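Each remark here refers to the structure printed beneath this line.
The values are calculated or read from the model by the stated rules, or taken from the named source; none is laboratory data. These numbers come from a predicted model, not from an experiment. Please note: Cβ atoms are built from the backbone with ideal geometry, for glycine as well, and neighbour counts cover all protein chains shown. Quick note on the areas: whole protein, heavy atoms, side chains included, nothing else; ligands and nucleic acids left out. Shrake-Rupley method; radii C 1.70, N 1.55, O 1.52, S 1.80 Å.
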Amino acid sequence: MIRNHHTVLYVSMLLLITISIMFLLNEGSLTSYAFYILPMPFTRFYKEEHSIEGEYQLIHSPYHCQIIFIQASEKVLIECSDALVAKYNLDDHVFIVSETEFQNLLDNKEDIAMFKHIHLDDMVEMFKERKFKISLPGQQGYLSMVQTGVFPLKKGHAFKAYVSSKATEMPNIVLKEEETVYEHTKDLIIKTNRDGFITHVSNQAMMVLGLSHNHINEHIKNIINQQQDTPVWYDDVLSEGKVEFETNHGSHVVRWHIECVYDDQHHVQSLIAVGHVIDQQLSVTHDDKTTGFLNQTGIMALLEQTQDIKHAHVYYIKVANFEHIIDVYGLLVSQKIIENVAKEIKKCQSHGVEIGRYLDDAFLIYSTTPEITKQTLMSICHNLSKKTYQIDEITIQIDLHAGYAVYPEHSSRVAHLVSLASLAMKANKHEAGALLTAYQPKMGAKLKHDLLISDRLKKAIDEDDIDVHFQNIYDLDDNKVNYVEALARWEDPYIGQVNPEVFLNIAVKNKIIDKLDQALIHKSLAYFKVLHQKSPQLILSLNLTPQTIMKHDIGTFLVEQVHAYALNPASVCLEISEKTFVLNTDVCRSQIRMLKQAGFMIALDDFGKDYSSLAVLESVDFDVIKLDGLFTKNIQLEKNQEIVKMVKKITELSDKDLIIEGVETKKQRDILSKLGCKHQQGFLFHKPEKMV
C-alpha cells in the first residue's frame with residue numbers, strides 16, 4: 001500500500017495534471033473508465049473526484065495494481081501497490097502508456113478485449129473472473145493476474161474491477177456463483193436467471209428492500225416494480241439491453257442500473273440489477289440540475305400522488321440517437337443538446353402542466369389541459385425535427401420521438417400512463433412524418449412480437465439461415481445489367497417471411513448487427529463470385545449499415561473478404577445510406593476516403609430520404625447516387641421531376657452514375673427516361689430472387 005504522504009500527493013497531482021492535459025487536448029470531452037482494485041489513497045482521490053461511494057474489500061492479497069483507461073485520449077494509467085513493486089522489482093509505482101503500448105505488455109495481445117471493449121454505456125459481465133498475463137514495466141517475464149467483478153459507479157459510467165497477482169491468492173472473494181447472498185458490498189445487487197427469477201442478492205439489497213431468503217426464485221418485476229402493475233423497464237431491458245431509472249422503497253430512493261448479460265451466442269443469460277440509495281443526493285424539490293425540471297423521482301412521485309382529476313395526458317419525448325451522440329461527441333456536447341431541447345420543451349409549461357426529465361435522453365410532460373399542451377408540443381416537435389445545432393464548432397442534427405397516453409381512457413392510474421406513453425413513443429419512431437403518436441392497445445402486443453423476432457433472429461444468424469437475394473439494375477440505353485444489388489432475406493419456420501427493415505432494426509437494437517452484417521457480407525461475396533464468373537462486367541452493390549461503416553477496421557475486413565473470394569474491390573460498390581452521416585460526418589468522410597483508396601466504389605443510398613444535405617455531395621468522394629423511391633412514386637409531380645433533373649445534373653458534372661430506385665410502372669420508367677435517367681431499378685424490371 002502507498003502510505004507515504006508525499007507519494008500520495010505525487011500520484012494525485014500526476015493524475016490531475018494528466019487528466020487536465022487530456023481534457024484540453026480533447027476539447028473538454030473527458031470520457032474515462034477505470035478498473036478499481038483496493039481503496040488505496042489514489043483510488044480514494046479518484047472516487048472523491050467522481051463522487052463514488054462504497055469500498056469493496058474483495059481482495060486480500062497485497063499484490064495488486066490499478067488500471068485506468070482514459071478513453072478520450074487512448075491513454076492507460078497503471079498504478080501498482082508497494083508490495084507488487086517490491087516483490088517484482090518494478091521501475092515505479094505509476095506508469096502512463098498508450099493503448100498500443102499496453103496491448104504490447106500483454107502476453108496474449110487479444111486479451112486487450114477484456115479492457116478495451118468496455119464502453120461507458122455498456123456494463124460488462126459481472127462476477128466473472130478473467131485471467132491474463134502482463135509484463136509490467138521493469139519486470140522480467142510475465143505476471144499471471146485475474147481481473148474479476150465489474151460494477152457500475154454512482155456517477156458517470158465508470159467500472160471497477162478487482163485484480164490479484166495470483167489466482168491462488170484470492171481465497172476470500174465473496175462474490176461466488178454458488179452463494180445466493182453477496183456480502184461486503186454497499187451496492188444493492190440482484191442477479192436473475194434468463195427468465196427474470198432471482199438467483200442472487202446482496203445483503204444490502206435485502207436490508208434496504210426488505211427482502212429475505214424467501215425472495216430467492218421470485219421474479220425481479222415483483223421486487224422492483226416502479227409502483228406499476230407491469231413495470232415498463234422489464235420489457236425495455238430485454239429489448240434495449242439496459243435501463244436506468246429510480247424507484248421509491250419506503251423512505252429510500254434507489255437509482256437502478258439493470259442490464260442483460262449475454263452468452264457467446266448473444267442469448268440473454270441473466271439480468272444484473274445494481275442499485276444505489278440516493279436519498280442524500282436529492283434536493284427537497286427533486287429538481288434535475290441540468291434542466292431545472294423535476295427529476296425522475298420527482299415526476300413519478302407527482303404522478304403517483306395525483307388524484308381528483310377528470311382528464312389528463314402523459315407525454316413521453318425522447319431525443320433520437322442520443323447514445324450515438326454521446327459516443328461520437330462526448331458528454332459535454334450531449335449535455336448541451338439536452339439543455340437546448342429542454343429550453344424548447346419548457347414552452348409547454350403553464351398552469352396544469354408539469355415537466356420532468358425521466359431519463360438522460362427522455363422527458364415526461366403531465367398535463368391536465370391536454371389539448372393546449374398537445375398543440376404546443378406538436379409545434380415543438382416540428383421545430384426540432386431534423387434540427388441542426390452548432391456546438392463548439394461541431395454540427396449535429398437531432399430528431400425527437402414522442403408518444404402519449406390518456407387518463408382514464410388508457411389506464412385508471414396516472415403513473416401507469418408512463419409505460420403506455422413509452423410504447424407510443426417507440427411506435428412513433430416508425431411512423432414517417434408523425435410528430436406525435438397516441439397509445440393503442442395493440443402496441444403492447446407488437447413489443448412482444450418484436451421480442452419473439454429478436455430471439456428467432458439470433459438463432460437464424462447462428463445457424464446461417466439469413467439468405468441473400470439479388471436484384472438487377474438495368475442500363476436502359478444498352479438494355480444491359482451492369483449492377484446487381486445484394487438484399488437480405490429471412491424466412492423463419494415459425495414466424496414466416498420477415499421484412500428486412502424490421503429484422504435489421506431489431507438487430508441494431510439488440511446489438512447483433514455486427515454478426516448479421518458479417519454473415520451477409522460473407523454470403524453476398526460468395527454468391528457474387530459465381531455471378532461474376534458468368535458476367536465479368538457485373539458490379540456488386542453491397543449495403544453497409546451505419547454501425548458497420550463506422551467501425552475503424554471495416555476497410556481491412558472488406559479487403560480481406562474480397563480477396564478471399566478472388567474478387568477485385570473495383571467490382572464492389574458499397575452502398576452507404578444518408579442517415580450514416582448524422583452520426584459523425586467527419587468520420588464518415590474519413591472512412592469513405594479509406595475505402596476509396598482500397599479500390600471500392602461508393603454509392604450514396606436512399607438519397608433524399610433522410611439527411612438530404614447537398615453538402616454531402618460536395619464533401620464526399622462518391623461514384624453513384626441512388627435516388628430514393630420516394631421520388632419515383634410521385635414522379636408525375638413537377639417538383640419531383642425538378643429534383644431529379646437537379647441531381648442528374650450534379651452527377652453529369654462530376655461524371656458519376658445516377659440510379660433511380662423503386663421503378664414499378666411503365667409510366668414511371670418513361671418519365672424517368674425522358675429526364676435522362678438510364679440506370680433504373682425496381683419490380684418493373686426484376687424482382688429480387690435467389691440467383692445462386
For this session: For the stretch 375-408, enumerate the residues that are closer than 20 Å to Arg357 by Cβ and either among the small types (Gly, Ala, Ser) or outside any strand (DSSP E or B) (or both).
Result: Thr376, Leu377, Ile380, Cys381, Asn383, Leu384, Asp399, Ala402, Gly403, Ala405
Exercise. Could you say which residue among Leu238, Leu211 is in a loop (DSSP other than H, G, I, E, B), under 26 Å from Thr297 (Cβ atoms) and either at pLDDT 75 or above or of a type in the set (Lys, Arg) (or both)?
Worked result: Leu211
Problem set entry | Whichever residue in the stretch 609-642 is of a type in the set (S, T, N, Q) and within 21 Å of Ile398 (Cβ to Cβ) and, among such residues, is modelled with the lowest pLDDT | Ser612
Seminar exercise, completed: Scanning the stretch 644-665 for residues that are in a helix (DSSP H, G or I) and surrounded by fewer than 17 Cβ atoms within 10 Å (Cβ to Cβ) gives Lys645, Met646, Lys649, Ile650, Glu652, Leu653
For this session: Report, ordered by the first and then the second residue, all pairs with beta carbons closer than 7 Å, sequence separation of six or more or different chains, a first member in the stretch 665-692 that is among the aliphatic types (A, V, I, L, M), and a second member that is in a loop (DSSP other than H, G, I, E, B).
Result: Ile671/Ile635; Ile671/Gln636; Leu672/Ile635; Leu672/Val663; Leu684/Val663; Leu684/Glu664; Leu684/Thr665
Seminar exercise, completed: Reported set for the stretch 666-689 where residues are of a type in the set (Gly, Ala, Ser) and open to solvent by less than 20 Å² (accessible area, probe 1.4 Å) is Gly682
Exercise. Just wondering, is there one or more residues in the stretch 585-599 that are in contact with a Cys (Cβ under 8 Å, 6 or more places away or on another chain), outside any loop (DSSP other than H, G, I, E, B), modelled with pLDDT of 90 or more and surrounded by 21 or more Cβ atoms within 10 Å (Cβ to Cβ)?
Worked result: no
Exercise. Do we have any residue at all in the stretch 511-534 that's in a loop (DSSP other than H, G, I, E, B) and either among the aliphatic types (A, V, I, L, M) or touching a Phe, Trp or Tyr at 6+ places or on another chain (Cβ under 7 Å) (or both)?
Worked result: yes
Seminar exercise, completed: The condition from (1) closer than 27 Å to His686 by Cα; (2) surrounded by 17 or more Cβ atoms within 10 Å (Cβ to Cβ); (3) without any contact (Cβ under 8 Å) to a residue 24 or more places away in the chain that Lys523 misses is numbered (3)
Exercise. Hey, does the stretch 676-684 have a residue that's more than 15 Å from Phe607 (Cβ to Cβ), more than 39 Å from the chain's Cα centre (by Cα) and not in a loop (DSSP other than H, G, I, E, B)?
Worked result: no
For this session: Take the residues in the stretch 317-335 that are open to solvent by less than 10 Å² (accessible area, probe 1.4 Å) and at pLDDT 85 or above, then tell me which one is nearest to Ile345 (Cα to Cα).
Result: Ile317
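For every residue, the table says whether it meets (1) within 28 Å of His267 (Cα to Cα); (2) out of contact with any helix residue (DSSP H, G or I) (no Cβ under 9 Å at 6 or more places or on another chain); (3) without any contact (Cβ under 8 Å) to a residue 24 or more places away in the chain.
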site: Tyr527; (1), (2), (3): no, yes, no
site: His532; (1), (2), (3): no, no, no
site: Thr545; (1), (2), (3): yes, no, no
site: Ile549; (1), (2), (3): yes, no, no
site: His552; (1), (2), (3): yes, no, yes
For this session: Go through the stretch 409-424 residue by residue and tally those that are outside any helix (DSSP H, G or I) and under 27 Å from the mean Cα position of the chain (by Cα).
Result: 1
Exercise. Does the stretch 432-453 contain at least one residue that is of a type outside the set (Asp, Glu), open to solvent by 40 Å² or more (accessible area, probe 1.4 Å) and on the phi > 0 side of the Ramachandran plot?
Worked result: yes
Exercise. For the stretch 446-500, which fully contained strands (runs of 3 or more DSSP E) count at least 2 residues that are over 30 Å from Val624 (Cα atoms) and without any contact (Cβ under 8 Å) to a residue 24 or more places away in the chain?
Worked result: 496-498
Exercise. Do we find that Asp195 is part of a helix (DSSP H, G or I) and either modelled with pLDDT of 80 or more or closer than 29 Å to Ser412 by Cβ (or both) in this structure?
Worked result: no
For this session: Could you tell me whether any residue of the stretch 549-565 is in a loop (DSSP other than H, G, I, E, B), buried (at least 18 other Cβ atoms within 10 Å of the Cβ) and on the phi < 0 side of the Ramachandran plot?
Result: yes
Exercise. Among the residues of the stretch 418-428, is there at least one that is charged (D, E, K, R), over 20 Å from Lys346 (Cβ atoms) and in contact with a helix residue (DSSP H, G or I) (Cβ under 7 Å, 6 or more places away or on another chain)?
Worked result: no
For this session: Could you list, in sequence order, all residues of the stretch 359-373 that are in contact with a Cys (Cβ under 8 Å, 6 or more places away or on another chain) and either part of a strand (DSSP E or B) or open to solvent by 10 Å² or more (accessible area, probe 1.4 Å) (or both)?
Result: Ile365, Ser367
Problem set entry | Some residue of the stretch 388-406 being over 18 Å from Leu420 (Cβ atoms), open to solvent by less than 30 Å² (accessible area, probe 1.4 Å) and modelled with pLDDT of 85 or more | yes
For this session: State which residue is modelled with the highest pLDDT when the search covers only the stretch 214-230 and only residues that are under 20 Å from His257 (Cβ atoms) and part of a loop (DSSP other than H, G, I, E, B).
Result: Ile224
Exercise. Could you count how many residues in the stretch 531-545 are modelled with pLDDT of 95 or more and within 25 Å of Asp462 (Cβ to Cβ)?
Worked result: 1
For this session: For Leu303, indicate whether it is buried (at least 17 other Cβ atoms within 10 Å of the Cβ), part of a helix (DSSP H, G or I), of a type outside the set (Phe, Trp, Tyr) and modelled with pLDDT of 85 or more.
Result: yes
